[in-house]
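In what follows, a single structure is set out as C-alpha cells and then discussed.
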Amino acid sequence: MLFRFSIHELIYKLSLFYGAFGLIGFLFGHTLFVLLMATIGLVGYQYFYLVKLSRWIWNSKSISPPHAEGTWGRVFDGLDRKIRGYRSKQKKLNYQIRRFRDGAEAIPDAGLVLGSDLTIQWSNRKAKALLGVRWPGDSGQRIDNLLRAPEFAEYLEKEEFDSPCVLVSPINPEVQLELRFMNYGKSQILLLARDISRIHRIEEMRRDFVANVSHELKTPLTVVRGYVEMVQATEHALDPHWQQAFNVIEDQVSRMDRLVAQLLVLSRVEVSTDEESKQVLNVPEVIRHLVRDASWLNDEKNHQMTIELDESIGVVGLDTEIKSALANLISNAIAYTQEQGKIEIRWYRNGSKAVFSVKDNGPGIRPEDINRLTERFYRVDKSRSRNTGGSGLGLAIVKHVLHHHQAELVISSQWRQGSEFSIVFDASALVEL
C-alpha cells in the first residue's frame, strides 16, 4: 500500500497522543510529569528505530530493510519499494551495457572510448591485439602515451579528424592501421583502429605493377618509333596509302608514349615522401615559364589568355611536382576550350592561403562528373579526350602532388558555361618572396 507522509496527520496523531497522556496526568494530579515521561518514551521509540535503520544501512548485508510497525513500518516499506525499483532499473541497465559490450567485441576493429583529455575510459579486446591497449589495466592512460608514433602525434596536434591517420601497429610492424576519431556522447571520443594491411599490400602491388609495366613498355615503344621514323624518312619508299598508315602508327605510338610517361609520373608521385628535397619556388616565375612553354598549344585555337600574378608569394615544395600540377591545369584549359575562347590564369592571396586558378569559358562539366575527375583514366568525354590526346591521368597526378604540399584541388563548373580549377595552398606551405 502506498504511504504518503502528511504533516496534518502527524499533528493530528501528536495531538491525540499528548491529549490522552495530559488527561491521565490531570486525573492523577501530575500533568507535567506524565507529559514529560510520555515525551521521553516517544523520543526513545523514535531513536530505537533510527538506530535500527542506521545499523541496516552501514552494517547489514541484507538488501531488505528491517521490520517495523506503525509509521516506521511504512517508512521501511517505502525504502524497500524504492530499492526494488532501483534494482530493476539496474538490471535493465546492466543488460544494455552487456549488449553494448558484446556488440563492441563483435566488430573486427579495435574500439576505444576516450575522454576529452584523450585518456582511455574503455576498450575492446581487439584493441589489445592491434594497439596493445589492455582494459582495465590502461584505464586513465593517455592514448598518445601508448601510441608513440611521430605521425600519430602530428595528427593529434593538427586536430583535423575528418581524414584518418595511417600508422604501423606497435604490436606487429607488418600490420598497417587506419585510425579514425569520432565524437561520442557529450564529452567523449570514439577511436576506431582498422587493419588495412591487405588493402595496403594490394595498393603496393598495383603501384608496382603499373610502374613495372610502364617501364617495360618504354623499350618496345622506342623500337617501334625508331622503325616508323626510319621508314618515313625514306623518300618514295612507300605508296601514299602506306605512308598515311605509318603516320597513324606514329601518332598512336606518340600517344602511347605520353600515356606511359604519365603512368610513371603517377607511380612516382603516389609514393613520394622526399621532404628534404623541397625548396622555395618562385611561383609567378614558374607560371610565366609554363604559359610560354604551352603557347604552341594555343597557336591553332588562338585563345584570349590573361595572366594576373601576385609577385610576393612563393611556395615550399618539390620543383618537378609543382610544375607538373600547374602545367596540367593550364594544358587542360587550352586543350578543352573552344577556339577564340577565354582563359584566365591567376595567382593570388586569399586570406592566409594562396590560390592558383585557371578559369575558362569552355563547355563546362556536368555536376555528376566533377567528383570523379581525379580518378585514374576517368574522362568526361572519351572521344573528345582521344582527339585532344588526354589520358585521364592528369588530374589524378595533380591530386597526389597536392597531397604532398598541404594543398587541395577545388573544381567549380557550370555545364556549357565554363570551368574553374583552383589549387589552394595552405599557409604552412607559403613563403614571402
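Consider Y47 carefully, then state whether it is loosely packed, with under 15 Cβ neighbours inside 10 Å, of a type in the set (F, W, Y), part of a helix (DSSP H, G or I) and modelled with pLDDT under 85. Spell out the reasoning first.
Values: loosely packed, with under 15 Cβ neighbours inside 10 Å: yes; of a type in the set (F, W, Y): yes; part of a helix (DSSP H, G or I): yes; modelled with pLDDT under 85: no.
When the stated conditions are applied, Y47 does not pass them.
If G103 satisfies all but one of (1) assigned to a helix (DSSP H, G or I); (2) over 30 Å from F152 (Cα atoms), what's the number of the condition it fails?
Failed condition: (2).
Look through segment 50-73, keep the residues that are of a type in the set (S, T, N, Q) and not in a helix (DSSP H, G or I), and return whichever of them is nearest to F17 (Cα to Cα).
Start the filter on segment 50-73 by keeping residues that are of a type in the set (S, T, N, Q), which leaves 54, 59-60, 62, 64, 71.
Now narrow it down to the ones that are not in a helix (DSSP H, G or I): 59-60, 62, 64.
Values: N59: 34, S60: 33, S62: 34, S64: 31 Å.
Looking at residues that are of a type in the set (S, T, N, Q) and not in a helix (DSSP H, G or I), I get S64.
Tell me, please, whether a residue that is out of contact with any Phe, Trp or Tyr (no Cβ under 7 Å at 6 or more places or on another chain), surrounded by 14 or more Cβ atoms within 10 Å (Cβ to Cβ) and either free of Cβ contacts under 8 Å to residues at least 60 places away in the same chain or assigned to a helix (DSSP H, G or I) (or both) can be found in segment 306-316.
Within segment 306-316, none of the residues are out of contact with any Phe, Trp or Tyr (no Cβ under 7 Å at 6 or more places or on another chain), surrounded by 14 or more Cβ atoms within 10 Å (Cβ to Cβ) and either free of Cβ contacts under 8 Å to residues at least 60 places away in the same chain or assigned to a helix (DSSP H, G or I) (or both).
Name the single residue, out of those in segment 120-161 being surrounded by 16 or more Cβ atoms within 10 Å (Cβ to Cβ) and hydroxyl-bearing (S, T, Y), that is farthest from the chain's Cα centre (by Cα).
S123
Quick test for you: out of E157, E151, pick the one residue that is part of a helix (DSSP H, G or I), acidic (D, E) and touching a strand residue (DSSP E or B) at 6+ places or on another chain (Cβ under 8 Å). Break it down into steps so the answer makes sense when it comes.
Details: E157 fails: touching a strand residue (DSSP E or B) at 6+ places or on another chain (Cβ under 8 Å).
On inspection, the qualifying residue turns out to be E151.
Do any residues in segment 37-55 that are on the phi < 0 side of the Ramachandran plot have Cβ atoms under 6 Å from those of residues that are surrounded by 13 or more Cβ atoms within 10 Å (Cβ to Cβ) and not β-branched (V, I, T), where the two are at least six apart or on different chains, and which pairs are they?
Note: pairs meeting the criteria are A38/F21; Y49/A68; Y49/W72; K52/P66.
Hey, could you check segment 162-183 for residues that are free of Cβ contacts under 8 Å to residues at least 40 places away in the same chain and assigned to a loop (DSSP other than H, G, I, E, B) and say which is surrounded by the most Cβ atoms within 10 Å (Cβ to Cβ)?
Among those residues, the one meeting the criterion is S169.
Is it the case that segment 137-145 has a residue that's outside the structural domain of E204 (by TED's automatic domain parsing), in contact with a Leu (Cβ under 8 Å, 6 or more places away or on another chain) and outside any helix (DSSP H, G or I)?
As a first pass, look at segment 137-145 and keep what is outside the structural domain of E204 (by TED's automatic domain parsing): 137-145.
Okay, now just the ones that are also in contact with a Leu (Cβ under 8 Å, 6 or more places away or on another chain), so 138, 142-144.
Applying the additional criterion that residues be outside any helix (DSSP H, G or I) yields 138, 142.
For segment 137-145, residues outside the structural domain of E204 (by TED's automatic domain parsing), in contact with a Leu (Cβ under 8 Å, 6 or more places away or on another chain) and outside any helix (DSSP H, G or I): present.
What's the number of the condition L93 fails, among (1) assigned to a loop (DSSP other than H, G, I, E, B); (2) modelled with pLDDT of 85 or more; (3) out of contact with any helix residue (DSSP H, G or I) (no Cβ under 9 Å at 6 or more places or on another chain)?
Condition (1) is where L93 drops out.
The values are calculated or read from the model by the stated rules, or taken from the named source; none is laboratory data. What you see is a predicted model, and the numbers here were worked out from it, not measured in a lab. For neighbour counting, all protein chains shown are included, and Cβ atoms are generated from backbone atoms with ideal geometry for every residue, glycine included.
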